[in-house]
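One structure is given below, encoded as C-alpha cells.
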Amino acid sequence: MAHVHHSAVYARDVDASLRFYRDGLGLQVLMDHEFDGDWRTLFDAPGDRLRSVFLGDPDSPDAGIVELVAFAGDPTGGDRGAPTPAPPRPGFFRLSFFVDVDATLNRLASVGLDGPARRIQIPAPGGEVEMATVRDPDGVLVELVGTTRG
C-alpha cells in the first residue's frame, strides 16, 4: 500500500518560505541538506544540485512532511513570476494543516504574511470548526483547520 511521504514546494526564496512554514505555521526543520543528482532527468530541473529542507513534527512522524526545494544553477533564481491567486483548477490544489487558527494567523502576521486570510466556520458533529486559507510566499494555497468548538 502506498503512503504519502512528503509534499514538495519549489521555493523561490527558501528564507521567506522558512519564515512562513517554520516561524508562522510552527513546523520544525527536520533536515536541511544539499544533494547532487541527475535532477535534470528526474524533474526536468535547471541544475544537478538541489537544496532540500524537510519540515514537520518530529513527535508525529506520520503527520507528513513539507519539503522546500531550491535548485542551484536556476538561471531565474527560482523566479517564475509573481505568484497570483487563482480559482481552483485541476491538479495540485492546497496543503492543509491542523492548527490553532487564531494563533497561527497571528504568527503569520508577525512574520510578514502578505495578503489577507479567508476565514469561515463550518458545522461539524462536535460543534463549529474554524477554517482559514492563506497563500505561502510562492502562491501555494494553505488551509488552516482548527479544532471543533462546541
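The values are calculated or read from the model by the stated rules, or taken from the named source; none is laboratory data. Here the structure is a predicted model, which means the values were calculated and not measured. Positions of Cβ are generated from backbone atoms using ideal geometry, with glycine treated the same way; all protein chains shown enter the neighbour counts. In case anyone asks, the SASA skips ligands and DNA or RNA and just uses the protein heavy atoms, side chains included. Shrake-Rupley method; radii C 1.70, N 1.55, O 1.52, S 1.80 Å.
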Practice item. Give me a count of the residues in region 115-138 that are open to solvent by 30 Å² or more (accessible area, probe 1.4 Å), among the small types (Gly, Ala, Ser) and within 17 Å of the chain's Cα centre (by Cα). Key: 2
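Does residue 60 count as of a type outside the set (A, V, I, L, M) and at pLDDT below 90?
Working: of a type outside the set (A, V, I, L, M): yes; at pLDDT below 90: yes.
So residue 60 passes the test.
Any idea which of 45, 70, 86, 82 is in contact with a helix residue (DSSP H, G or I) (Cβ under 6 Å, 6 or more places away or on another chain), open to solvent by less than 90 Å² (accessible area, probe 1.4 Å), modelled with pLDDT under 95 and not in a strand (DSSP E or B)? Walk me through it before giving the result.
Numbers: 70 fails: not in a strand (DSSP E or B); 86 fails: in contact with a helix residue (DSSP H, G or I) (Cβ under 6 Å, 6 or more places away or on another chain); 82 fails: in contact with a helix residue (DSSP H, G or I) (Cβ under 6 Å, 6 or more places away or on another chain).
It is 45.
Residues in region 20-42 that are under 22 Å from residue 105 (Cα atoms) and surrounded by fewer than 15 Cβ atoms within 10 Å (Cβ to Cβ): how many?
Matching residues across region 20-42 total 3.
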Practice item. Could you identify the single residue in 7, 17, 52 that is open to solvent by less than 30 Å² (accessible area, probe 1.4 Å), within 28 Å of residue 113 (Cα to Cα) and assigned to a strand (DSSP E or B)? Key: 52
